[in-house]
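Some notes on the structure that comes next.
Bear in mind that the values in this text are calculations on the coordinates, not laboratory data. Just so you know, these numbers come straight off a predicted model, no measurement behind them. Note that each Cβ is placed from the backbone with ideal geometry, even for glycine, and that neighbours are counted across all protein chains shown.
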Amino acid sequence: MKLLRATFLSVNGLRDVTCDFSRTMQESARDVVVITGAPASGKTRVIEAILAAKEVIAPYGPPIHSDPWIRPGDDAAKVALTFLFDEEEQRRIGGIPAVMEAEALFNMRGANADADEGLVALVERYGHDPRHGKLDYFAANRWLPPPGPMHGLGAIEQRLYRLGRDARKYSFVPRLLAEIVNDAEKQARFRTAIERLSPTLRYVGPPGTDPLRCFSSRGGYAATPSELSTSEQDAVVFAATSVHVRHEKSVVFIDRPELFVGERGIVAWMEAVRGLADDVQIIVASTSPALLASMEPGAVINLEA
């Protein structure tokens, strides 16, 4: 599952615009796309409008309220999404076309969709099987919550948090750290992901009975997630999500990827994120000069252009 295009009409916070995530003159999706522009130009809004439209068309969670998405002075708004499905996904739903468009319509009475049933069945499906693509969102407010109630690891619970900014989104991490103590395969993937994402952090496993005291920062004694630096905690967030949720064949959105790694590390960090899953499409909102300089011109969407 990939995203080829998104068109926004009368969406609050955006000018009418089409964002193209495909390769020039081809119906194939780019692996990485950067949405950029001045402050308040709509970078984050593009991502979150796509996710709102997806939730109208094929929801993971509760119904979407229309009012926040309609531009003041207009009666309605529309977001059209063009998806690309691979051969396995097409066969799974009985031979649907590879390229399909769906529309989310927002008006004062609510939100509704214009979409093929086969597309809806594919896009609303959520599970932690790497064979099934999904959408996921790392908002700019991503961080590990303080110690407290832990979320479950099941797909039914996780799907409700995937596309939002809820501060409890990553409260599943402590439970995952406890689980991988007895799961060698998942533990190995988590260790490798941490090594890719952070030059200073390593997963060393718990030396005692506390499964959370399992990290070593700069070669130090075993530490818990709350004792790590913010950049190291960010690595834990991405590694844990990738290992548990599985982003193979998926579309992953990231707001401000440079937030905790800075200019010197952002290009290497993006390469590390790309390496966490096969066949993943990554769409980010960023103003990082280093990241923008590393991209092909066609892979940058400038909302001021």
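Rounded, prolate or oblate: pick one for the range 48-170, where a ≥ b ≥ c are the square roots of the eigenvalues of its C-alpha gyration tensor, a/c under 1.5 means rounded, and failing that, prolate if a/b is larger than b/c, else oblate.
Oblate, because a/c is 1.5 or more while a/b does not exceed b/c.
For the range 167-182 and the range 95-161, what is the separation of their C-alpha centers, rounded to whole Å?
First find each Cα centre; the distance between them is then 21 Å.
Treating the beta-carbon of each Lys and Arg as +1 and of each Asp and Glu as -1, no other charges, what is the dipole magnitude of the chain about its Cα centre, to the nearest 20 debye?
Values: 35 positive and 40 negative charges, 141 e Å.
Dipole of the chain, to the nearest 20 debye: 680 debye.
Report the residues of the range 207-228 in range of a label on E195: point 7 Å along Cα→C-beta, backbone N strictly under 17 Å from it.
Residues passing the 17 Å test: 215-220.
Would you work out if the chain is rounded, prolate or oblate? Take a ≥ b ≥ c from the square roots of the eigenvalues of the alpha-carbon gyration tensor; rounded if a/c is under 1.5, else prolate when a/b is larger than b/c, oblate otherwise.
Verdict is prolate for the chain.
Subtract the Cα-Cα distance of A121 and N302 from 0.36 nm times their separation in residues, and report this length gain in nm to one decimal. Please report the intermediate quantities before stating the final value.
Values: separation 181, 0.36 × 181 = 65.16 nm, distance 3.26 nm.
So the extension gain works out to 61.9 nm.
Over the range 1-71, calculate the relative contact order: mean separation of alpha carbon pairs under 8 Å at least 6 apart, over the residue count, as a percent.
The value is 30 percent.
For the range 12-100, what class follows from the C-alpha gyration tensor (a ≥ b ≥ c being the square roots of its eigenvalues): rounded when a/c is under 1.5, otherwise prolate if a/b is larger than b/c, else oblate?
Since a/c reaches 1.5 but b/c is at least a/b, the shape of the range 12-100 is classed as oblate.
What fraction of the DSSP beta bridges in the chain is antiparallel, stated in percent and rounded to the nearest 5?
65
State, to one decimal in nm, how far the label point of R109 lies from the label point of L292, with both points 7 Å from Cα in the Cβ direction.
4.4
Select from V243, P211, L177 the residue farthest towards the positive end of the dipole of the range 135-246; place +1 on Cβ of Lys and Arg, -1 on Cβ of Asp and Glu, and compute about the Cα centre.
Farthest towards the positive pole: V243.
Pairs of Cα atoms under 8 Å, at least six residues apart: use those to get the relative contact order of the chain, whole percent.
In percent, rounded to a whole number, it is 22.
Among the listed pairs K2/K134; K54/K186; K2/K54; K2/K186; K43/K78, which are separated by more than 20 Å between their Cα atoms?
K54/K186; K2/K186, as the Cα separations exceed 20 Å there.
Over what distance in Å are the Cα centres of the range 11-52 and the range 197-272 separated?
The range 11-52 and the range 197-272 have Cα centres spaced 27 Å from each other.
On a full-extension model of 0.36 nm per residue, what is the gain between Y221 and D20, subtracting their alpha-carbon distance, rounded to one decimal in nm? Could the numbers behind the result be given before it?
Working: separation 201, 0.36 × 201 = 72.36 nm, distance 4.74 nm.
Separation in residues times 0.36 nm, less the Cα-Cα distance, equals 67.6 nm.
Find the relative contact order for the range 227-305 and round it to a whole percent, using C-alpha pairs within less than 8 Å whose residues are 6+ positions apart.
Contact order relative to length: 35 percent.
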